[in-house]
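Bear in mind these aren't lab numbers, they're just calculated from the coordinates by the rules spelled out. Since the structure is predicted, the reported quantities are computational estimates derived from the model, not experimental observations. Glycine gets a Cβ as well: all are built from the backbone with ideal geometry, and neighbour counts include every protein chain shown.
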Amino acid sequence: MIPDDFRQLLARRIAGVEHPREKIMDVVFMIQDKFGYLSDELLEDAAGLLKMTPLEVEEIATFYEFIYRRPVGGHVIHVCDGVVCWMSGHASILDHLRGRLGIDFGETTPDGRFTLLPTCCIGYCDRSPAMMIDRKVYGKLTPERIDEILEKLGLDTEGDSDDTGSL
Amino acid sequence: MTQVLFKNRHPDRIATLEEYRAGGGYEALTAVLSEYPRAKVQQLALDAVLLGRGGAGFPAGKKWMTVAESAPFPRYMVCNADEMEPGTFKDRVLIHTDPHQIIEGMIIVGYSVMAERGIIFIRASYENAARILEREIERARAAGFLGPNILGSGFSMEISVHRSAGRYICGENTAQINAIQGKRATPIQPPPYATEKGIWNLPTVTHNVETLACVPHIIQNGPEWFRNLAAHPDAAGTKLYCVSGRVQHPGCFELPMGTRLSDIIDIHAGGMTPGCTFKTCLPGGASTRFLPKSLYDIEMDFDSMKKAGHRLGTGSVIVFDEKTCLVGATLNMMEFFARESCGWCTPCREGLPYMRDILARIEAGDGKPADIPLLRQMSRYVWNAYCALAPGAASPVESLLTYFEDEVQAHIRQHRCPFS
Ligand SMILES: Cc1cc2nc3c(=O)[nH]c(=O)nc-3n(C[C@H](O)[C@H](O)[C@H](O)COP(=O)(O)O)c2cc1C
Ligand code: SF4
Ligand code: FES
């Protein structure tokens, strides 16, 4: 169940729009930011708020890459497997990540800290190979840089995304 | 080199509203709202030969003219910032450079079709760009350029940012209309066209980020000035070319529309990565055709590319060198397209994974000579699909077989990838 105060927050996000379902992405992202993933229970709650049936929400939730219908770790790592990253060393980046985390695509580390997933070209091909963690982008990856990023995430959970809002 | 869209480009920060205004920003909007009939705005875009930068190259002014005078309200103006075409990142760079020209463009186009609701549809991996846009929309509103009764003209407009959650088909304009309504994002074949019945069955005009950014400059400096920005008289404006792959300096460059590919690569992208020789490129993203080396000097504009049997697409050049396996590259892209197929129609849903499997077999050394005609046949067959995703997906495969059949043959003959 969504706690009451959070439900009110969601309701405010939807309030005033003619067609509440237009706000489905915002609602799902807010839920994921708080609970990590969209559980069956949360999905039903969201459906109620959006004036949709749970099936309609499911139809959309399963359509998108960044909507998680299963539990994920504290940090979700999406490694770009687009053609430019493929050309510039995606395989070795992936091997390094797998080795460091001891997991494969679709898996979460036993301590629940990291989930590893693929993603298509994230539009940072000029800084390939690239990946996204918690919707922040990291480019020009090397094994050393990955180690640094993982270490930072493990220590203070903030990370030094190089996508700071400027060019 | 004349910089128009990138004239306020800084390596480390976004141009501010003040900076944009100091360079003439929002003067076009002020002029339009005070003295331009809507038809004049449309005519200016038409005279400027502003062709849609999202890939299809459709004349922008013509699109606005299809919104009937008598069409119902409210009408929608959508800015397409989905940019999920592999190899493409120009819209991201543009938003991170000088976002107000996009906002001003939306308001001007909104005015020309009387659309009071603006929506920027943006992909999930551009969260920073989404926040920049939200912040700058607020600043534009505070300055009186958005909201009710803009600059006392009687025209009102609001713009909001709609985040997507990652699916390539959402970039297709009709699928995007479904996505915005919170419906499953499958395309809708016209008629009726979106400009007649789009979001909630109301008139909807969709444009790419770059197309919209050109609009204020056209109004301010005139259509002839815009046409003359191009490299030759049969093209118009500037183009944001993104270059990635095996070049020294990958990046996004604003150059005259129709700049030669050789200049884009050799001069602006700093030439090939040391030790690499040019083999081919995809000139406009993953859904365009591999270009043979014989066309290395081709002029990169919609018309010249079309005459040569190619597509400019998004003008995103992905450069491949002699040591890169094109079967592997094509397989990678087919994985993408098969995964991103929305599943609505059979030729795409079934055809793309089938083509991917054949390519995977060839790459793994298990290909048969008969696979080549089979792939050719499939490349033609997927043109029966419901939307343009599948024909786009077939482009790298078809051109691989047209220009690089030897490479495919070598995989089959040697029962392995000759590059590994
Ligand atoms: C599969 C597919 C994906 C597309 N993705 C995008 C996109 O991400 N951005 C975009 O501007 N246009 C995209 N388009 C083109 C749009 O359908 C549409 O033509 C364009 O947004 C219109 O704007 P323009 O006239 O300014 O080019 C895509 C088309 C297809 C078939
Ligand atoms: S071609 Fe592919 S993406 Fe387009 S409607 Fe058919 S299944 Fe969907
Ligand atoms: S291919 Fe990886 S960011 Fe574009």
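Observations on the structure shown:
- Shielding by other protein chains, A:122-134, mean Cβ within 10 Å: 6
- By DSSP, the beta bridges lying fully in chain B are antiparallel in about 40 percent of cases.
- Three-way shape label, chain B, alpha-carbon gyration tensor, a/c 1.5: prolate
- Shape category assigned to segment B:17-228 from the gyration tensor of Cα positions, a/c cut at 1.5: rounded
- Top of B:347, B:72, B:187 by mean-square fluctuation, Gaussian network on chain B, Cα under 10 Å: B:72
- A simple spin-label model places the labels of residue B:10 and residue B:47 3.6 nm from each other, with each point 7 Å out along Cα-to-Cβ.
- At an R0 of 45 angstrom, the distance between the Cβ atoms of residue A:26 and residue B:189 translates into a FRET efficiency of 0.95.
- Amide hydrogen neighbours beyond the local backbone of residue B:247, cut-off 5 Å, H modeled: B:273
- Order of B:395, B:125 under a 10 Å beta carbon neighbour criterion, fewest first: B:395, B:125
- For segment B:17-228, the share of DSSP beta bridges that are antiparallel, to the nearest 5, is 10%.
- Fewest-first sequence of B:411, A:75 by Cβ atoms within 10 Å of each Cβ: A:75, B:411
- By the helix-only formula, in which each DSSP H run with n ≥ 4 contributes -39500 (n - 2.57) and the sum is divided by residues, the protein assembly as shown has a 222 nm mean residue ellipticity of -12500 deg cm²/dmol.
- Cut-off under 5 Å, modelled amide H: who pairs with residue B:316 long-range: B:242, B:284, B:285
- Distance between segment B:229-251 and segment B:380-420 - C-alpha centres, whole angstrom: 26 Å
- Restricting the calculation to alpha carbons of the protein assembly as shown gives Rg and Dmax of 23.5, 73 angstrom.
- Efficiency of FRET from Cβ geometry, residue B:293 and residue A:147, R₀ 41 Å, rounded to 0.05: 0.55
- Ordered by the number of other Cβ atoms lying within 10 Å of each residue's own Cβ, fewest first, B:62, B:279 fall into the sequence B:62, B:279.
- Rounded to the nearest 0.05, the FRET efficiency derived from the C-beta distance between residue A:34 and residue B:153 at R0 = 35 Å is 0.25.
- Seen through its C-alpha gyration tensor, with square-root eigenvalues sorted a ≥ b ≥ c, segment A:4-63 comes out oblate because a/c lies at 1.5 or above while a/b is not bigger than b/c.
- Summarising the strand pairing of the protein assembly as shown, around 45 percent of its internal DSSP beta bridges are antiparallel.
- Pair residue B:30, residue A:140: separation of 7 Å Cα→Cβ label points (nm): 4.1 nm
- Long pairs among B:63/B:306; A:51/B:183; B:90/B:197, criterion Cα-Cα beyond 19 Å: B:63/B:306; B:90/B:197
- Length added when fully stretched, residue B:381-residue B:141, from 0.36 nm per residue minus Cα-Cα: 81.4 nm
- Estimated inter-spin distance, residue A:107 and residue A:5, nm [label 7 Å along Cα→Cβ]: 3.9 nm
- Sum of side-chain charges, residue A:70 neighbourhood, beta-carbon under 14 Å (Lys, Arg +1; Asp, Glu -1): -4
- Extension reserve of the residue B:388-residue B:40 stretch, reckoned as 0.36 nm per residue once the Cα distance is removed: 122.0 nm
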